[in-house]
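The values are calculated or read from the model by the stated rules, or taken from the named source; none is laboratory data. Because the structure is predicted, anything quoted here is derived from the model rather than measured. So basically every Cβ, Gly included, is an ideal-geometry build from the backbone, and we count neighbours across all protein chains shown. We work out accessible area using only protein heavy atoms, side chains counted, and drop any ligands, DNA or RNA first. Shrake-Rupley method; radii C 1.70, N 1.55, O 1.52, S 1.80 Å.
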Amino acid sequence: MSRGIAAEGRAHGLITEDSGHLMVVRDDERLGFVAWRKIVSSRTTHYWNMGIGLLPEARGKGVGTEAQRQLVRYLFAHTLVIRIEADTEVDNIAEQRALEKAGFTREGVLRSVVFRDGHWRDGVRYSILRGELG
């Protein structure tokens with residue numbers, strides 16, 4: 001993720017003080033997006049929650065792991081946060097593996113956190129701390 005891309009994102013309103021969205025690309029191929037949002041945990045403290053959405057044809061090829069790894073590096077390099085977290089559904093084993101490969105630690109299960117396809121589903125929370133960045 002180059003500084004030019006980030007600067008362009010800010011200019012178009014895709015990166016703000018509270019959130020951001022960037023496209024995941026390989027060469028000229030658009031593969032999906034990464035996004036993050038500010039979570040305020042106290043009057044003087046915040047951290048980021050991030051996510052990813054990939055097109056089906058981009059999944060299972062390491063693209064998500066690398067995109068999330070680059071986003072973590074970008075957020076730690078350009079903000080003062082100590083913590084970045086990510087959530088996924090308990091059945092999304094591929095995303096759990098991608099997060100772990102990107103350096104995230106599984107923290108626990110969030111029960112009935114999302115309603116999708118007519119059912120409440122559990123989620124899994126992951127996090128990475130600034131000092132854990134490899």
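Taking into account only those residues within region 60-97 that are part of a helix (DSSP H, G or I) and polar (S, T, N, Q), which is farthest from the chain's Cα centre (by Cα)? Step by step, filter region 60-97, then rank; the result is 96. Which of the residues spanning region 81-94 are open to solvent by 30 Å² or more (accessible area, probe 1.4 Å) and either at pLDDT below 95 or within 17 Å of residue 65 (Cβ to Cβ) (or both)? Result: 87, 92, 93, 94. Filter region 60-80 for residues that are within 18 Å of residue 26 (Cβ to Cβ) and open to solvent by 30 Å² or more (accessible area, probe 1.4 Å) and give the result. Matches in region 60-80: 60, 61, 62, 66, 69, 70, 73. Being farther than 27 Å from residue 57 by Cα, open to solvent by less than 90 Å² (accessible area, probe 1.4 Å) and without any contact (Cβ under 8 Å) to a residue 12 or more places away in the chain is the filter here, so list the residues in region 110-130 that pass it. Hit for region 110-130 is 112, nothing else.
Go through 100, 57, 107 for me and flag whichever is open to solvent by 40 Å² or more (accessible area, probe 1.4 Å), part of a strand (DSSP E or B) and charged (D, E, K, R). The match here is 107.
For region 42-54, filtering for residues that are over 26 Å from residue 93 (Cα atoms) and open to solvent by less than 80 Å² (accessible area, probe 1.4 Å) leaves 3.
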